[in-house]
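Structure first, commentary second.
The values are calculated or read from the model by the stated rules, or taken from the named source; none is laboratory data. None of these values were measured; they are calculated from a predicted model. Glycine gets a Cβ as well: all are built from the backbone with ideal geometry, and neighbour counts include every protein chain shown. Each accessible area value is taken on the protein alone, full model and side chains, heavy atoms only, with ligands, DNA and RNA left out. Shrake-Rupley method; radii C 1.70, N 1.55, O 1.52, S 1.80 Å.
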Amino acid sequence: MTESTALKMTNGFRLQWEPAQDAHVLLYPEGMVKLNPAAAEILSLVDGDRNIEEITEALQAKFPDADLSGDVKEFVSIATANGWLS
Amino acid sequence: MASATSGPRWLLAELTYKCPLQCPYCSNPTDYTRYQSELTTEEWIQTMRQARDLGAVQLGFSGGEPLVRKDLEQLVAAAHEMGYYTNLITSGIGMDAQRVADLKEAGLDHIQISFQASEEVLNDRFAGTKAFQHKKEMAREVKAQGYPMVLNFVLYRENIDRIEDIMDLALELDADQVELANTQYYGWALHNREGLLPDREQLAAAQASAEKYQEKYQDRCRFLYVIPDYYETRPKACMSGWGNIFLNIAPDGSALPCQGARQMTHIDFPNVRNRSVKEIWFESNAFNVYRGDEWMRDPCKTCEHRHEDFGGCRCQAYQLTGDARNADPVCSLSPDHELVTQAVEKAQKEEMSRSVKVAFRNPKNAKQLLLNDSG
């Protein structure tokens, strides 16, 4: 995957807010991961159209004071290795 | 007794004990024919609603064979509407292309199809019925209709040597994920343990094969290999602890902290027909009795691993030692560990492969086993 590739959630994966856990969770076949707020912010921007750069921009617009470029790259690489993104 | 601080996260809805298959490794209770009265559609919907309100979010429709229930589509639609992630755990028998489409329309997220072996003869012998070709067709249909596809193969003495054929079949069917799950010894599987438990050599070879495929096909398919806990020295963290995240509702509405718990006759399991899920989860003796660590005895009570493995599996402790408060005998620290090592040593004998007959899961054998128990 290159940096210009649009990021897409793997088929069968779903991001959802769970009030009982006071957190976003990532749901997939017979499994679930509780996400920290930063991970949830990034995943909520994964829409099948945006690439890493565009996701970083969108996030930067939301949090103008933070330095995010490294964080997004790192998260995307972990999420891809976990099979959440494809 | 401890009480829960949060609600269940997983709801397993065992819709029925009826099943067209007769697998001798089935985890259903051997006396399943005693529980004939199934929850109605409305009762299931109310139960799912109550569990969802407590925070349950993963929902498995299981059985028996859940496709036997004609209202499955209706239950899936209701669960989807409530915000559950819905999983159908099926043999594929009772499925056709139209039903796969109807379930998708109802909002089903995932279908897991189980196989008994990599080829027709052994598959159908262990299923106790003609099933293999239809399973393959249904796996293709599930994939074609855009579901994520997980295949499940239970491993046992007679099929484990063909694990590479099994993984090749999964690749041929384009599975996204494959569970290569060694038999867990509960229910029918415990009764048939001698005929099912592989020997050390078989396991080592299977594990090596699994690792080879995991490496080779990592971009294509996820192979999950689960070793049998009988060959471990540390017990599994069963259900992440009793009454912690998992709620099982049996076909008759009995609420169980684990599928295997029904055998514990000293516990009066509450029923969703006359108590709310909230009351059952937080207040019932059945869910509080082995919650946390207050119930533990030595060696668990003072063990440094007790918050990692929770003393292992309560059902396994109960069925092997007669007391659920004992350490899971799989644990090498358990004074009863030899109950497991003896079974393992027996499995090393070559004649085991030929001499042991397994009992198929069917009403006739269930009746026979009940008679044996009472006589």
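What the table below lists for this structure:
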{"quantity": "B:ALA78 being at pLDDT 95 or above, surrounded by fewer than 24 Cβ atoms within 10 Å (Cβ to Cβ) and touching a helix residue (DSSP H, G or I) at 6+ places or on another chain (Cβ under 9 Å)", "calculated": "yes"}
{"quantity": "Whichever residue in the stretch B:116-159 is acidic (Asp, Glu) and open to solvent by 30 Å² or more (accessible area, probe 1.4 Å) and, among such residues, is nearest to the other protein chains (Cβ to nearest Cβ)", "calculated": "B:GLU141"}
{"quantity": "Of the criteria (1) touching a residue at least 40 places away in the same chain (Cβ under 8 Å); (2) under 12 Å from the mean Cα position of the chain (by Cα), which one A:SER4 fails", "calculated": "(2)"}
{"quantity": "Out of B:ALA343, B:ALA327, sole residue that is under 22 Å from the mean Cα position of the chain (by Cα), open to solvent by less than 10 Å² (accessible area, probe 1.4 Å) and among the aliphatic types (A, V, I, L, M)", "calculated": "B:ALA327"}
{"quantity": "Those helices (runs of 4 or more DSSP H) lying entirely in the stretch B:166-261 with at least 3 residues away from chain A (no Cβ under 14 Å) and buried (at least 22 other Cβ atoms within 10 Å of the Cβ)", "calculated": "B:187-191, B:200-216"}
{"quantity": "Breaking point among (1) without any contact (Cβ under 8 Å) to a residue 60 or more places away in the chain; (2) open to solvent by 10 Å² or more (accessible area, probe 1.4 Å), for B:VAL100", "calculated": "(2)"}
{"quantity": "Failed criterion for B:ARG162 (all others in (1) open to solvent by 10 Å² or more (accessible area, probe 1.4 Å); (2) over 30 Å from B:GLN98 (Cα atoms); (3) touching a Pro at 6+ places or on another chain (Cβ under 7 Å) hold)", "calculated": "(3)"}
{"quantity": "When residues of the stretch B:19-45 are limited to those that are among the aromatic types (Phe, Trp, Tyr) and over 24 Å from B:PRO228 (Cβ atoms), the one surrounded by the fewest Cβ atoms within 10 Å (Cβ to Cβ)", "calculated": "B:TYR35"}
{"quantity": "First in the stretch B:35-62 and farther than 14 Å from B:HIS80 by Cα and more than 14 Å from chain A (Cβ to nearest Cβ), second anywhere and open to solvent by 50 Å² or more (accessible area, probe 1.4 Å) and assigned to a helix (DSSP H, G or I), Cβ under 7 Å, 6 or more apart", "calculated": "B:THR41/B:GLN74"}
{"quantity": "Residue check for B:PHE282: buried (at least 21 other Cβ atoms within 10 Å of the Cβ) and either part of a helix (DSSP H, G or I) or touching a residue at least 40 places away in the same chain (Cβ under 8 Å) (or both)", "calculated": "no"}
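Rundown of residues vs (1) within 11 Å of another protein chain (Cβ to nearest Cβ); (2) buried (at least 18 other Cβ atoms within 10 Å of the Cβ); (3) over 20 Å from the mean Cα position of the chain (by Cα), yes/no style:
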| residue | (1), (2), (3) |
| --- | --- |
| B:LEU11 | no, yes, no |
| B:GLY64 | no, yes, no |
| B:LYS70 | no, no, yes |
| B:LEU88 | yes, yes, no |
| B:ASP109 | yes, yes, no |
